[in-house]
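Here's the structure, in structure tokens; my notes come after.
The values are calculated or read from the model by the stated rules, or taken from the named source; none is laboratory data. Given the structure is predicted, the values throughout are model-derived calculations rather than measurements. No Cβ is skipped: glycine too gets one built from the backbone with ideal geometry, and neighbour counts run over all protein chains shown. Accessible surface is based on the protein model in full, side chains and every heavy atom, while ligands, DNA and RNA are left aside. Shrake-Rupley method; radii C 1.70, N 1.55, O 1.52, S 1.80 Å.
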Amino acid sequence: MPSLVALETPPKTPPFGASVTEYSNGGEHRTPSPSPLVKRASRKTPEKLTADESSLDNPDLGPFLLKLARDTIASGENPNKALDHAIRASKSFERCSGPGLELSMCLHVVAAIYSSLGRFGEAIHELERSIEFADLSKGSDHAMAKFSGYMQLGDTYSMIGQLHRSIKCYVSGLETQMLTLGKSDPRVAETCRYLAEAHVQAMQFDEAENYCRKALDIHKDHSTPASLPEATDRRLMALICEAKGDYESALEHLVLASMSMIANEQDSEVAAIDVSIGDIYLSLCRFDEAIFAYQKALTVFKSTRTENHSSVALVYIRLAELYYKTGKLRESKSYCENALRIYAKPAPGTTHEEIASGLTEISAIYESLNEPEEALKLLQKAMKLLEDNPAQYRTIAGIEAQMAVIFYMVGRYMEARNSFESAISKLRASGERKSAFFGVLLNQMGLSCVQLYKIGEAAKLFEEARVIFEQECGTYHLDTLGVYSNLAATYDALGRVEDAIEILEHILKMREEKLGTANPDVDDEKKRLYELLKEVGRVRNKKGKSLENLIDSSFLKMKKEGRKRLAAFGWETPVDEGERHYSTRGTSTTTPIFGSTS
């Protein structure tokens with residue numbers, strides 16, 4: 001599945017709004033240690049300090065210092081020097097003209113430099129001030145300054161992984177832009193696309209589809225047929241449709257986008273679309289058509305780019321996945337090795353994010369090929385490439401979760417628990433605490449705790465997962481019912497039999513309403529509840545009951561072959577049927593959780 005669209009600042013954003021992109025590298029830079037000269041320069045006498053402060057009252061000083069700050073950044077000099085110029089410029093503007101447009105624009109530059117130094121908290125503070133100083137009642141210049149402030153603030157939140165706050169800022173920016181330009185201006189379409197991309201990153205596909213459709217509607221009224229902006233939006237819409245499982249609609253959008261790119265002689269873009277078309281055919285199990293699309297793209301990439309370009313490696317990975325699905329394991333592994341050779345010596349300009357994404361996808365194939373150790377090595381390399389970058393915390397959390405799944409499958413339960421815990425803590429820090437993905441991680445960490453006999457900790461995790469699944473999936477969803485069963489099992493193991501019975505009765509009632517009383521699943525639930533009810537009132541002097549008789553098999557089976565891909569993170573969560581599983585009461589078990597049954 002293709003990687004998600006990366007956020008970019010809308011092209012029409014004024015220069016001061018785009019300064020985050022120009023001056024920031026997502027926090028990769030470190031603040032240089034001040035040189036002795038800088039230290040000596042900062043030791044000012046009171047008389048000199050007073051003179052410097054008084055000079056800020058000169059109305060010509062602010063514009064001069066702001067230009068000096070921009071020139072310093074453009075020349076690649078010490079960013080701390082540029083920051084000093086920009087801060088002094090903002091103080092001059094504040095003294096001479098007070099809160100207004102000039103100060104707001106200056107604060108955008110200050111915030112951009114703070115971001116480039118990795119000082120995101122200070123950048124956020126300055127941007128919030130800049131938004132306050134722009135007054136919508138004073139004309140379009142103020143409105144566009146406020147719009148740029150909102151968009152830059154959203155970019156900054158995105159850099160530290162706080163997508164929910166980022167999206168709120170983008171929405172405020174879009175509302176401000178529409179008040180000034182109207183709802184059908186082409187620049188509004190670009191912001192709608194930008195907001196749709198943010199929703200895709202947050203895995204909010206319905207919202208992403210709405211904004212992308214708005215952009216397409218604006219292009220329909222204002223753009224020429226087969227325009228490049230419309231083709232870009234159709235590619236994004238195809239990605240959204242694919243994520244929602246609507247493959248036919250995705251294929252339709254990709255074909256239209258390809259026709260637009262062909263009309264504009266964009267050969268490399270046509271090849272990239274061919275890769276996406278191949279992905280759709282692969283999802284539909286139309287393997288011959290997928291191979292044709294991939295090979296067509298591969299030929300173009302090799303001729304227009306270098307043989308060791310990351311786009312060539314991406315096609316190799318797609319072919320490896322295809323051949324694995326068709327049972328040609330030797331060919332699959334061969335294409336994986338071809339891609340790894342490219343990532344070992346990538347072409348100039350290849351980003352760490354591209355390499356890490358490719359390594360993560362290859363690791364999933366090696367995991368499917370029953371080579372977990374090799375898969376773990378690749379995931380560790382991917383993590384090392386992304387570490388220390390706050391903007392990649394969400395991606396790192398997904399990699400850690402994939403590593404945890406592999407640890408669980410090979411019986412390294414403590415490492416699995418620790419990896420799940422690290423992934424969960426990163427998602428909590430970034431503000432993602434309510435998604436279904438977060439619920440899956442909580443449940444899986446709970447299972448690891450069960451294997452380590454940490455039943456109390458497992459119960460707390462299942463309880464939190466239950467709340468999330470109820471909100472995100474509904475009470476009748478299979479995953480929700482699975483967490484209910486897990487929670488009932490842990491309650492029983494903790495001696496909270498009445499609580500376990502209450503949950504099982506709730507499960508039985510919902511299954512009867514959803515499936516009918518004659519369904520085999522409902523009958524199994526009745527048997528499980530009946531056996532637990534028999535325990536009520538007895539003197540519990542025998543050995544504690546094993547969880548293997550209560551844990552819901554349909555939710556806990558760990559699978560080595562087939563897996564469900566969580567595309568935004570690049571890892572796979574285990575689903576049904578596999579060698580290591582847990583049975584319901586009365587059936588045999590391959591891997592007992594607490595040992596022998598009572």
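What the table below lists for this structure:
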item	result
Cβ charges +1 (Lys, Arg) and -1 (Asp, Glu), total dipole of the range 57-159, debye	80
Cα pair count fraction exceeding 12 Å, expressed as % - the range 216-267	60
Normalised contact order of the range 369-443, rounded percent, pairs of Cα under 8 Å and 6 or more residues apart	26
Loop sites in the range 398-461: chymotrypsin sites (Phe, Trp or Tyr not before Pro), DSSP, at most 10 other Cβ within 10 Å	none
Relative compactness, the range 183-284, computed as alpha-carbon Rg over 2.2 N^0.38 Å	1.01
Globularity ratio of the range 282-374, using Cα Rg and 2.2 N^0.38 Å	1.05
Coil-residue trypsin sites (Lys or Arg not before Pro) of the range 314-384, DSSP, other Cβ within 10 Å capped at 11	none
Cα-centred dipole magnitude for the range 114-238, charges only on beta-carbon of K, R (+1) and D, E (-1), debye, nearest 20	100
The range 288-296 - phi-based ³J(HN,Hα) in whole Hz, Karplus 6.51/-1.76/1.60, Gly and Pro as x	5, 5, 5, 4, 4, 5, 5, 5, 4
Residue-span extension gain [T299 to L329] - 0.36 nm each, minus C-alpha spacing	8.5 nm
Exposure ranking of C192, C96, C285 by accessible area [1.4 Å probe, largest first]	C285, C96, C192
Förster radius 35 Å - calculated FRET efficiency between F64 and E175, Cβ distance, rounded to 0.05	0.50
Virtual spin-label span in nm between N210 and E248, 7 Å along Cα→Cβ	2.6
Hydrodynamic radius of the range 57-159 per Kirkwood, over alpha carbon pairs, in Å	13.5
Segment S137-A344, extension gain: residue separation times 0.36 nm, minus the distance between their alpha carbons	68.9 nm
